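One structure is given here, and the rest of the page talks about it.
Nothing in this text is a laboratory measurement; each read-out follows from the coordinates by a stated rule. Since we're looking at a predicted model, the values are computed, not measured. So basically every Cβ, Gly included, is an ideal-geometry build from the backbone, and we count neighbours across all protein chains shown.
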Amino acid sequence: MDSLILDSNTWLLVLTGAGVSAESGVPTFRGMSGLWEDQHVEAVASPEGFRKDPSRVWRFYSERRKGAAAVHPNPGHEALVAWERHLGDRFLLATQNVDGLHTRAGSQRVVEMHGNLFKTRCSRCERPPFDDATVYPTGTVPECDACGMRLRPHIVWFGEYLEPADIQRIEDFSLRAATSGGRLVFLAAGTSGAVYPAAGIVDQVRKAGGETWLVNLDPAENSSRFEHRVVGKSGEVLPTLAKLA
Ligand code: BV8
Ligand code: ZN
């Protein structure tokens, strides 16, 4: 198996998906075959889904809050913490996961591209998103103390734009790597490559002349766009994949 060299010239951009949390006991989207209560996740995790049935959406996220609060980071999360400690500001972790396990493992340079399960915001007023681990009782839709409108999970739903600042941070990292004359490396782990813009980052890195790695249990929809592909569980592969030089 080729090894991933992380030396003083390496700039490493990591992208993770649900597969990295699977060994912690968090179900993947594919694992649920994309369904929740026979509904397509895209239908529940969407502005339309919230407009049609907000209590169903809160039940979906309350269940996931309960699940995520009961599990712990695994060796895959911990390996990424060690890589960050070794590379410092030449490391950035972009995650599609909303479970917060990377931060709980000790990762610091993290972009939560699709939001965080344990944050809530108002669906109407400018009140900033706030920490909220509440598992709301079935049927309830919490209201905003400031304007009385519905609260919603601070999550990027299908059909919603990502935070421009998050996209900018990822693009700036690749740019800084290129202008520093360093070696840009992109590693995606535990992701099926089905959801954009996350699934398109590999193409941006290739265009910038970067090296590309995929660590995944099954073939991903964008597997062919990666130079190096390692098939396996991230909790088993990541701890031994890198040579810290
Ligand atoms: C947007 C938060 C602008 C919610 C999520 C271009 C082409 C086609 C479609 C589009 C496009 N551009 C935009 C779209 C539309 C859409 C999209 O991509 N649709 C897909 C379904 C085709 N994108 C959007 O809507 C994005 N917004 O583009 O805004 C716009 C606006 C209006 C109209 C058009 C455009 C917003 C996307 C974000 C949505 N929110 N999450 C929540 O979590 O509830 S996405 C959510 O699903 C996750 O965050 C993640 O991104 C995705 C699931 O994918 P994975 O994480 O990869 O998980 P999955 O289960 O699929 O795969 C797991 C993999 O792990 C598997 O391959 C398995 O083999 C592997 N595995 C399992 N165990 C292990 C393992 N690997 C290693 N170790 C193991 N142990
Ligand atoms: Zn409000």
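Taking 8 Å as the Cα distance limit and 6 or more residues as the minimum spacing, I'd like the relative contact order of region 134-236 as a percentage.
Result for region 134-236 is 19 percent.
Using modelled backbone amide H atoms (1.01 Å from N, in-plane), which distant-in-sequence or interchain residues come within less than 5 Å of residue 5's amide H?
For residue 5, the qualifying residues are 243.
Label-point separation (nm) for residue 227 and residue 82, each offset 7 Å from Cα along Cα-to-Cβ?
2.4
Where both residues lie in region 1-160, what percent of DSSP beta bridges are antiparallel, nearest 5?
55
Taking θ = phi - 60°, what integer Hz values does the Karplus form 6.51 cos²θ - 1.76 cosθ + 1.60 yield along region 112-129, in sequence order, with x for Gly and Pro?
Going residue by residue, I get 8, 4, 10, x, 9, 4, 9, 10, 10, 9, 7, 7, 10, 8, 7, 4, x, x Hz, with x marking Gly and Pro.
For residue 187, what residues show an amide H to amide H distance below 5 Å, using hydrogens built from the backbone and excluding near sequence neighbours?
13, 14, 15, 213
At a Cα cut-off below 27 Å, give the lysines reachable from residue 243, other chains included and same-chain residues fewer than 8 away excluded.
207, 233
7 Å from Cα along Cα→Cβ at both residue 165 and residue 66: what's the point-to-point distance in nm?
3.3
P(r) of the chain in 5 Å steps, Cα pairs, percent per bin?
1, 6, 13, 18, 19, 16, 11, 8, 5, 2, 1, 0
Only loop residues by DSSP count here, and only those with at most 11 other Cβ atoms within 10 Å; note down the GluC sites (Glu not before Pro) in region 1-93 that meet that.
Answer by residue number: 37.
So which trypsin sites (Lys or Arg not before Pro) in region 134-234 end up in coil per DSSP with only 14 or fewer other C-beta atoms within 10 Å?
none
Taking the alpha-carbon distance from residue 52 and a cut-off under 25 Å, which lysines remain once sequence neighbours fewer than 8 residues away in the same chain are dropped?
Answer for residue 52, where 25 Å is the Cα cut-off: 66, 119, listed by chain and number.
By the gyration tensor of its Cα atoms, with a ≥ b ≥ c the square roots of the eigenvalues, what is the shape of region 158-245: rounded for a/c under 1.5, prolate for a/b over b/c, or oblate?
oblate
Take 86, 102, 40 and order them by how many other Cβ atoms sit within 10 Å, fewest up front.
Neighbour counts put them in this order, fewest first: 40, 86, 102.
Rounded to the nearest 500, what is the 222 nm mean residue ellipticity of the chain from helices alone, with -39500 (n - 2.57) per DSSP H run of 4+ residues and division by all residues?
So the calculated ellipticity at 222 nm is -9000 deg cm²/dmol.
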